Structure formats: structure tokens, C-alpha cells
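The next block holds one structure in the form of C-alpha cells; read it before the comments.
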Amino acid sequence: MKCLIIFLNLLLSFSVSAETTSATSGFATEYSEEFLRTPDVTSEHIRESLKMELLVLHGYEYREVANQLSLGFYINPSNIISLRVGKESTTEFGTRQTSIATQWKHFFTNNMYLTPELYFLKFYDDVDASKPDDQITAIGTGVRFGSQWQWKYLTIGCDWLGIGYNLAYFKNETNVNDTEKLSFNILNAYVGLNF
């Protein structure tokens, strides 16, 4: 008899728990659909009504892990022109980096894109105290591959991989070989707002 009472109590608590979860889940789904997107609407459809985006990014940028900010303007649902600014100072390794890039993001599927860019890069490496700061100030060009998902007000994404090439140097206190002319972008994750 005692086992039957315990079993009935467990069964009752599971059914009440399931009803509460169902009600809470219904509210969360309704709220998220209203705030983010309605069902069956793709990122491409959402981009049709957007004018601009503001992104906060973090990842390996050119020569250093950097924090970045990007402001983009929609030309059409498949193309965004943007300005990206990045800065990082790593006291542990004695490196500093500042970058500015103009980018053209072109979506070739619902959420995948290629981004050609022109960039300005200033990089210091003062690891060796006996030498003056190693400094690279350059302009270059590059391309990135990534994915971005849009909702009504929110966007998330990642530049999965990119490569750049320094075209010209303004001030260079280091001897730059061919491999140092290359720069890489790896896993630049971002979150932002759509307007």
C-alpha cells in the first residue's frame, strides 16, 4: 500500500511538472517568435527589411586576439558594407594591435558569406627589452568566410576563417619576410543588433 501511494505521488508530481513546463514553454516560444522571428522566416527574408547592424566581435584578428566593433549598412539583402575597428593590448606577451577595415559582406546562401576587405594594421611587439619596439604599420587586403544568422532585432555569427596580405608598409622597424606579410583571421565570433 505504501508503494502505491509513493507511485501515485510521483505520477501526480510528473503530470503537474509537465503541465507547468508546457505552459512555460508556450510563453517562451510566443515571446521569442514575437521578439526574434516568426516561424519559417529565413535570415535572408529578415535582411530585406534591415538598414544597418552593429556588431561586437572577439577572435584572432590579423596578428593577435582582439576585441572589435563593426558598423554595417545594408545595400540589399545580400550585401553589407561595413567599417570594423579592432584593438588589443596584451601585457603578458608585450604586444599591441590596432586595426581598421572596410568590408563588403556578400551572402551567397541564406547565412553563409564571403567578405573581401581592405585594412590598416598597426602592430607592436616589445617582447625583447634590448631592442626598440618592433613595429609594423601596413595596409593590406584580405578575404573572410563566415556564417551569420539574423532575427528581428538580434544577429549572431562567426568569421570562421580569413587570410590577408600586407600590400604596403608605412613604417617598419622589423625585417619582414614573406610569411610575415600574411595575416590570418580565425574564429571571430560576434553578436549584434539589427536596425
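No value in this document is a laboratory result; all are computed from the given coordinates. The structure displayed is predicted, hence computed values, not measured ones. Positions of Cβ are generated from backbone atoms using ideal geometry, with glycine treated the same way; all protein chains shown enter the neighbour counts.
For region 99-105, just list the computed ³J(HN,Hα) in residue order, Karplus coefficients 6.51, -1.76 and 1.60, θ = phi - 60°, integers in Hz, with x standing in for Gly and Pro. With the stated coefficients, region 99-105 comes to 9, 9, 9, 9, 10, 10, 8 Hz.
If you plug the beta carbon distance of Ile100 and Thr42 into 1/(1 + (r/R0)^6) with R0 = 22 Å, you get a FRET efficiency near 0.10. Whole-Hz Karplus values for region 140-154 come out as x, 10, x, 9, 10, 10, x, 9, 9, 10, 10, 10, 4, 10, 10 Hz, taken residue by residue from phi with 6.51 cos²θ - 1.76 cosθ + 1.60 and θ = phi - 60°; glycine and proline positions read x. The simple spin-label model puts a point 7 Å past each Cα toward its Cβ; for Ile75 and Asn110 those points are separated by 2.5 nm.
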